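**Student:** Structure below; questions to follow.
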Amino acid sequence: MPEESIDDIDFTKLNENAISRPLVSHIYTADPSAHYFNGKIYIYPSHDVDAGEAFDDLGSHFAMEDYHVISMDSIDAEAVDNGVALHVTDVPWAEKQMWAPDAAYKDGKYYLFFPAKAHDGVFRIGVAVGDSPIGPFIAQPEAIKGSFSIDPAVFEDGDGSYYMYFGGLWGGQLQRWRSGKFNAESPDSPTAHIPKDNEGALLPIIAKMSDTLLEFAEEPKEIEILDENGDLLLAGDTNRRFFEASWMHKYNDTYYFSYSTGDTHFICYAIGDNPYGPFTYGGKILEPVVGWTSHHSICKVEDTWYLFYHDSSLSQGVTHLRSVKVTELEHLEDGSIRTIEPYSK
Ligand code: FUB
């Protein structure tokens, strides 16, 4: 609902009609990456704050400084804030903007993956390691070699391989990496270096992780998102093309890559038969929420699938003060996903 003026929104009614409530309301949380570890739900969100930064199309007002892990004993249980799990001041290579994180478990350790702007103003992706799913996490001294842009999502495949999906446009800087190196020209324009409308859209990135989960095991590569004719989605197809917020889940041996379309505010999905794709556009998962951004994860808890997402209704539309929510997600018989309306009429 971002095209609507904030002044026109009746927030009391909207919050009454929301299909779900904020999981926590004493802090602002966003970009929820949910996992079911050892019979408990753990959510790794961004921790939104108002740092007083001016709004711009590069997202400078998303000036987050730390991460809190939220846990739930079951889907209906109270969500618990477990305090600061990692702070930017404890990450030697990072300067600011602790954006959307994710987590993974392997061999008794928990890994927190997170993007942040390094001291040279370039987004990189780092990893921090802990003994508990709620942290604390100790950051590696350097960002992951060869990493860039934002929004890491780490997917464990059934064969024990782990893959990181990442990338985000505009403030997420993906468009600056088209030549394989960071293009520092026109630093103030979010849309410089974006392909023309009739060119192929910018694509999300995948890299297989090393056995230690601390490095990439291969050069990051693009994954293709195709239309119904097998052609790459175009940059001008803004209702369907990738913008940010990668996520991967596997259902009935099919790989579902889901993502946000950014400036058109949808969460969409595309289907493939292996982690690298290509993926064919499948449809919308979530209609626009209150606030500019939309970002989600999909997690199976016991036998039920859930969509974790966020909106800005608790802050009455302040786009960088968001709240994490959860609702059920339904895979239909034909393999498609039922589109979710975040507010009932
Ligand atoms: O939270 C900061 C940024 O906003 C995330 O990295 C994007 O996915 C968007 O949700």
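The values are calculated or read from the model by the stated rules, or taken from the named source; none is laboratory data. Computed from a predicted model, the values in this text were never measured in an experiment. All Cβ positions, glycine included, derive from the backbone under ideal geometry; neighbour counts span all protein chains shown. SASA here: full protein model, heavy atoms, side chains in, ligands and nucleic acids out. Shrake-Rupley method; radii C 1.70, N 1.55, O 1.52, S 1.80 Å.
**Student:** Out of all the residues in region 220-229, which are in contact (Cβ under 8 Å) with a residue 40 or more places away in the chain, open to solvent by 80 Å² or more (accessible area, probe 1.4 Å) and farther than 14 Å from Pro204 by Cα?
**Tutor:** Glu228
**Student:** Continuing with the same structure: Is it fair to say Tyr67 is more than 25 Å from Glu328 (Cβ to Cβ) and among the hydroxyl-bearing types (Ser, Thr, Tyr)?
**Tutor:** yes
**Student:** Being open to solvent by 50 Å² or more (accessible area, probe 1.4 Å) and β-branched (Val, Ile, Thr) is the filter here; which residues of region 47-96 pass it?
**Tutor:** Scanning region 47-96 gives Val80, Val84, Thr89.
**Student:** When region 303-345 is examined, which residues are found to be without any contact (Cβ under 8 Å) to a residue 24 or more places away in the chain and more than 24 Å from Gly171 (Cα to Cα)?
**Tutor:** Within region 303-345, Asp303, Leu332, Glu333, Asp334, Arg338 qualify.
**Student:** Tell me whether region 230-240 contains one or more residues that are at positive phi, small (Gly, Ala, Ser) and open to solvent by 10 Å² or more (accessible area, probe 1.4 Å).
**Tutor:** yes
**Student:** Determine, yes or no, whether Thr280 is polar (S, T, N, Q) and open to solvent by 10 Å² or more (accessible area, probe 1.4 Å). Talk me through it step by step, then tell me what you get.
**Tutor:** Details: polar (S, T, N, Q): yes; open to solvent by 10 Å² or more (accessible area, probe 1.4 Å): yes.
It is true that Thr280 is polar (S, T, N, Q) and open to solvent by 10 Å² or more (accessible area, probe 1.4 Å).
**Student:** Could you tell me whether region 99-106 includes any residue that is assigned to a loop (DSSP other than H, G, I, E, B), within 16 Å of the ligand (Cβ to nearest atom) and in contact with a Phe, Trp or Tyr (Cβ under 6 Å, 6 or more places away or on another chain)?
**Tutor:** There is at least one residue in region 99-106 that is assigned to a loop (DSSP other than H, G, I, E, B), within 16 Å of the ligand (Cβ to nearest atom) and in contact with a Phe, Trp or Tyr (Cβ under 6 Å, 6 or more places away or on another chain).
**Student:** Another question about this same structure. Can you name the condition, by its number, that His68 falls short on among (1) assigned to a strand (DSSP E or B); (2) away from the ligand (no atom under 16 Å from the Cβ); (3) over 25 Å from Ala207 (Cα atoms); (4) in contact with a Gly (Cβ under 7 Å, 6 or more places away or on another chain)?
**Tutor:** Of everything listed in (1) assigned to a strand (DSSP E or B); (2) away from the ligand (no atom under 16 Å from the Cβ); (3) over 25 Å from Ala207 (Cα atoms); (4) in contact with a Gly (Cβ under 7 Å, 6 or more places away or on another chain), His68 misses just condition (2).
**Student:** Which condition from (1) in contact (Cβ under 8 Å) with a residue 24 or more places away in the chain; (2) within 16 Å of the ligand (Cβ to nearest atom); (3) touching an Asp or Glu at 6+ places or on another chain (Cβ under 6 Å) is the one that Lys117 breaks?
**Tutor:** (1)
**Student:** To continue, here is another question. At positive phi, crowded, with 23+ Cβ neighbours inside 10 Å and within 13 Å of the ligand (Cβ to nearest atom) - does that describe any residue in region 139-149? First the steps, then the outcome.
**Tutor:** Within region 139-149, the first condition is being at positive phi, and the residues that meet it are 146, 149.
This time we only want the ones that are crowded, with 23+ Cβ neighbours inside 10 Å, so: 149.
From the residues that got through so far, the ones that are within 13 Å of the ligand (Cβ to nearest atom) too are 149.
Yes, because at least one residue in region 139-149 is at positive phi, crowded, with 23+ Cβ neighbours inside 10 Å and within 13 Å of the ligand (Cβ to nearest atom).
**Student:** Which condition does Tyr256 not pass, out of (1) touching a Ser or Thr at 6+ places or on another chain (Cβ under 9 Å); (2) closer than 26 Å to Asp231 by Cβ; (3) more than 16 Å from the ligand (Cβ to nearest atom), if it passes all the others?
**Tutor:** (1)
**Student:** Something else: Being touching a helix residue (DSSP H, G or I) at 6+ places or on another chain (Cβ under 7 Å), under 30 Å from Lys181 (Cα atoms) and not hydrophobic (A, V, I, L, M, F, W, C) is the requirement here; does Lys117 meet it?
**Tutor:** Here the answer is no, as Lys117 does not meet what is asked.
**Student:** Looking at region 19-46 only, could you name the residues that are open to solvent by 40 Å² or more (accessible area, probe 1.4 Å), outside any loop (DSSP other than H, G, I, E, B) and hydroxyl-bearing (Ser, Thr, Tyr)?
**Tutor:** Tyr28, Tyr36
Rundown of residues vs (1) of a type in the set (D, E, K, R); (2) within 15 Å of the ligand (Cβ to nearest atom); (3) buried (at least 22 other Cβ atoms within 10 Å of the Cβ), yes/no style:
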| residue | (1), (2), (3) |
| --- | --- |
| Val290 | no, yes, yes |
| His295 | no, yes, yes |
| Val326 | no, no, yes |
| Ser336 | no, no, no |
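**Student:** Still on this model: State the number of residues belonging to region 158-173 that are away from the ligand (no atom under 14 Å from the Cβ) and open to solvent by 10 Å² or more (accessible area, probe 1.4 Å). Break it down into steps so the answer makes sense when it comes.
**Tutor:** Residues of region 158-173 that are away from the ligand (no atom under 14 Å from the Cβ), as a first pass: 158-164.
Then keep just the ones that are open to solvent by 10 Å² or more (accessible area, probe 1.4 Å); that gives 158-163.
Total meeting the criteria: 6.
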